1. Please report, in whole Å³, the volume per residue of the convex hull around the C-alpha atoms of the stretch 24-230.
2. I want to make sure I understand the PRE zone here: with the label point 7 angstrom from the Cα of residue 230 toward its beta carbon, which residues in the stretch 172-211 have backbone N atoms less than 17 Å away?
3. Relative to 2.2 N^0.38 Å, what does the C-alpha radius of gyration of the stretch 183-262 come to as a ratio? Two decimals please.
4. Given 0.36 nm per residue, what is the gain on full extension from residue 81 to residue 338 after removing their alpha carbon distance, in nm?
5. Please give the Cα centre distance for the stretch 42-88 versus the stretch 7-39, rounded to the nearest Å.
6. Can you give me the P(r) profile for the stretch 299-407? Cα pairs, bins 5 angstrom wide beginning at 0, each as a whole percent.
7. Quick one: helix 48-60 against the long Cα principal axis of the chain, what's the angle to the nearest 10°, folded into 0 to 90?
8. Going 7 Å from the Cα of residue 364 along its beta-carbon direction, which residues of the stretch 320-342 have the amide nitrogen within less than 16 Å of the resulting point?
Ligand code: UD1
């Protein structure tokens, strides 16, 4: 297994190119199942999660070709016919988003057998909202031996679905299912994450009829068929927020090129509150900090446009060196504090009280061997390593590779002493 090594204590200075958003690319890839036409996606990040999704889609009948476009590589996905409707445990247990093929498969061919999902071990993460929504649209659902077996022999029917809680994944699945359903589907209390908007805009380019994009009520009028389209994946707000935290923690001056400030405004506001310089410029967002200690700042994770749970671990890392006490509340997932014990290895002072972590800022951190527990937590450990004296070794970096493209390369280009050792 690869490890990442960091000799910390250097400021970050330079430009970091922000990649396409993983959490938009994954559902966008599944949209290829909805049409015989070719879906061309650019700005798709090169990540293990994307390759895993590609492997599943190939099994279901999607032909994936790489083309050269004016602004880089384009993935051209064509699905003349669905050749299998089985999403097996071996794949779905690796990343949760592969479960989402349930929506487009049901919509296009009226049946699917999809393993119950896996993904990061950050809580129970049930799928009841997905299944209730699809049932409301007329699907018959059976759970058997770890699989969801869904069928809608007479097609899905539009209806009003009010979700009791906001779920990103359920919104993606129901939105895709509704594009080809008979009649009008209204998704109330839908997730408003920018990635949902990105997917909805792509579906519209494919011929779907969707109103309310960007709001918590999506109204979808089903159409008979969708066609091919060309779409550029939005920039990754979680990656941008992660590098913003890294620059804030080490000090320095970093341009996050291509970052879209309005998609992670809550994180940028929080950083400013803590004393970090944030400037929105034409090319993206510039993050600066010179010398002085950051102010301890409290936050609770929330659904969009609130502070994202996917930046909670990174922000906690930042707060370990702040002046004072900060309270970090996790409201989205019930088990998303596994980084706390690893941050303690650097000398961080954090105590846990239910869904709250109390971080008492310390003067300095020292490098340590640590273990990544999940995707975003692994980024938090790298950030802590960059700001620690001495050497840090991050184990289990396959978590990192699921969602961050060439992180060590991007950071070393800004002056960090960081390298990967191949197993
Ligand atoms: C997506 C993101 C993930 C992010 C999360 C919250 C992708 C690939 N993943 O995950 O990075 O951390 O949104 O912003 O985009 N829930 C239920 N029943 C359901 C579905 C969800 O109780 O049927 C609960 C979950 O357990 C969780 C909460 O709802 O507590 C939010 O989950 P959800 O928004 O569905 O997250 P994901 O789509 O899995």
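Taken together, the values in this text are just the output of simple stated rules run on the coordinates, not laboratory data. Worth saying up front: this structure is predicted, and the values here are computed from it rather than measured. Reconstructed Cβ throughout: ideal geometry from the backbone, glycine too, with neighbour counts over all protein chains shown.
1. On the way: hull volume 22.2 nm³, N = 207.
Value for the stretch 24-230: 107 Å³ per residue.
2. Hits in the stretch 172-211 for residue 230 at 17 Å: 202-207.
3. On the way: Rg = 16.9 Å, N = 80, 2.2 N^0.38 = 11.6 Å.
Its radius of gyration relative to the 2.2 N^0.38 Å reference: 1.45.
4. Numbers: separation 257, 0.36 × 257 = 92.52 nm, distance 4.27 nm.
Once the chain is fully extended between residue 81 and residue 338, it gains 88.3 nm.
5. So the two Cα centres are separated by 14 Å.
6. 2, 13, 25, 25, 19, 12, 3, 0
7. 10
8. Answer for this model: 321-322.
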